[in-house]
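Please read the structure below before turning to the comments.
The values are calculated or read from the model by the stated rules, or taken from the named source; none is laboratory data. The structure presented is a predicted model; accordingly, all values stated were derived computationally and were not measured. Using ideal geometry, Cβ is built from the backbone for each residue, glycine included, and neighbour counts are taken over all protein chains shown. Note: areas computed on protein heavy atoms with side chains; ligands, DNA, RNA excluded. Shrake-Rupley method; radii C 1.70, N 1.55, O 1.52, S 1.80 Å.
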Amino acid sequence: MRPASEPVRTAAFFDLDKTVIAKSSTLAFSKPFFDQGLINRRTVLKSAYAQFLFLMSGADHDQMDRMRSYLTNMCTGWDVEQVKSIVGETLHEIVNPLVFAEAAELIADHKLCGRDVVVVSASGEEIVAPIARALGATHAMATRMVVEDGKYTGDIAFYCFGEGKVEAIRELAAREGYALEHCYAYSDSVTDVPMLETVGHPTVVNPDRTLRKEASARGWPVLTFSKPVSLRDRIPAPSGAAMATTAAVGVSALAAGALTYSLLRRFAF
C-alpha cells in the first residue's frame, strides 16, 4: 500500500490529431516525400483529400485496420537514411501544424497542478516525440516500425492504437507510479474509448459523432477546441543533437499514405 504521507502521482494523457493539433500529423510529410521520389503524385493528391476527410469525420476502427495493412506493404524496403535525411531537411515545415490554444493551455494547467503530460498517438514516434517535446510533455508514446539492415521491413514493432494505447499507458503508469483512477485522458475519436476508460477523469475533445453519443451516454465532459496557433511559435530553436534525434526515422510520413488509402478506398478515388 502507498504510505499515507506519500503524494499520489498522476498524469494527463492526450491523443494528438484533432485533440491537440487541428490536423493529421501523419499527412504533413507527403509533399517532401514526393519531392524525394518515395511517393507518387497520386498519393500526394490523395493525402490532400484525406486530410479534408479526416478533419470532417476522422477514422473508425475498420479504416485504421486498413491503414495498418497498407502501411506494412508500402514502406517495405525504404532506406532509413534517406528518410532521416528528408525528415531532417523538412523538420521546420513538418512541425508547423496548428496547435489548439485551448489544448496548450490545458497542458500548462495540468503541469502547474504537478501532473505529468503524456502524448499518446497512433502516428509514428519520430513525429510525435518532437511535437510532444514542443508542447512540454513529459512522455510520448507512438507507433514504432521494425528496421533491419538500414531498411524498413514492413513490420510494425508496436501499434499505438486502441488496446495498444491502453497497454502503453498501463506500462508507463506502472513504471512511473501513476494512480490511473486519478489520471486524466483526452481524445476526439471513438477508437480511443479504451484509453478514456482507463483513467478516472476522461474527457472528449472535438468528438466525432459516435464518440459524442458515447460521451453523452457515459456522462463524460465534452470540450470544443477551436483556436489554433502556430506550433512554430512554441518550439525553441533546436540544437544539432535535437535535430538528429527528431529526424531519426519518418514513420509518420509512411503512415500518411496508409491513412490516405484507408480513408479514400470507399470513395473510389
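Only one of 150, 177, 164, 136 is open to solvent by less than 40 Å² (accessible area, probe 1.4 Å), of a type in the set (Gly, Ala, Ser), farther than 27 Å from residue 8 by Cα and in the same structural domain as residue 118 (by the TED database); which? When all the criteria are applied, what remains is 150. Filtering 79, 35 for residues that are modelled with pLDDT of 65 or more, surrounded by fewer than 21 Cβ atoms within 10 Å (Cβ to Cβ), touching a strand residue (DSSP E or B) at 6+ places or on another chain (Cβ under 7 Å) and over 28 Å from residue 136 (Cα atoms) leaves a single hit, 79.
Does residue 155 satisfy the criteria of being acidic (Asp, Glu), open to solvent by 50 Å² or more (accessible area, probe 1.4 Å) and either in contact with a Leu (Cβ under 6 Å, 6 or more places away or on another chain) or in contact (Cβ under 8 Å) with a residue 12 or more places away in the chain (or both)?
Working: acidic (Asp, Glu): yes; open to solvent by 50 Å² or more (accessible area, probe 1.4 Å): yes; either in contact with a Leu (Cβ under 6 Å, 6 or more places away or on another chain) or in contact (Cβ under 8 Å) with a residue 12 or more places away in the chain (or both): yes.
So residue 155 passes the test.
Regarding the stretch 106-118, can at least one residue be identified that is of a type in the set (D, E, K, R) and modelled with pLDDT under 85? No, every residue in the stretch 106-118 fails to be of a type in the set (D, E, K, R) and modelled with pLDDT under 85. The residues of the stretch 115-130 that are closer than 18 Å to residue 195 by Cβ, open to solvent by less than 40 Å² (accessible area, probe 1.4 Å) and in a helix (DSSP H, G or I) amount to a single one, 128. Look at the stretch 104-117: where a residue is more than 16 Å from residue 228 (Cβ to Cβ) and a partner is surrounded by fewer than 19 Cβ atoms within 10 Å (Cβ to Cβ) and at pLDDT below 95, sitting 6+ places away or on another chain with Cβ atoms under 7 Å, you get 111/136; 117/136. Could you check, for the stretch 170-184, whether at least one of its residues is modelled with pLDDT of 90 or more and within 23 Å of residue 99 (Cα to Cα)? Yes, the stretch 170-184 has at least one match.
Only one of the numbered conditions (1) at pLDDT below 95; (2) open to solvent by less than 40 Å² (accessible area, probe 1.4 Å); (3) touching a strand residue (DSSP E or B) at 6+ places or on another chain (Cβ under 8 Å); (4) part of a loop (DSSP other than H, G, I, E, B) is not met by residue 220, and that is (1). All of (1) over 15 Å from residue 162 (Cβ atoms); (2) touching a strand residue (DSSP E or B) at 6+ places or on another chain (Cβ under 9 Å); (3) at pLDDT below 95 hold for residue 189 with one exception: (1). Residue count for the stretch 1-32, restricted to those that are surrounded by fewer than 14 Cβ atoms within 10 Å (Cβ to Cβ) and at pLDDT 65 or above: 3.
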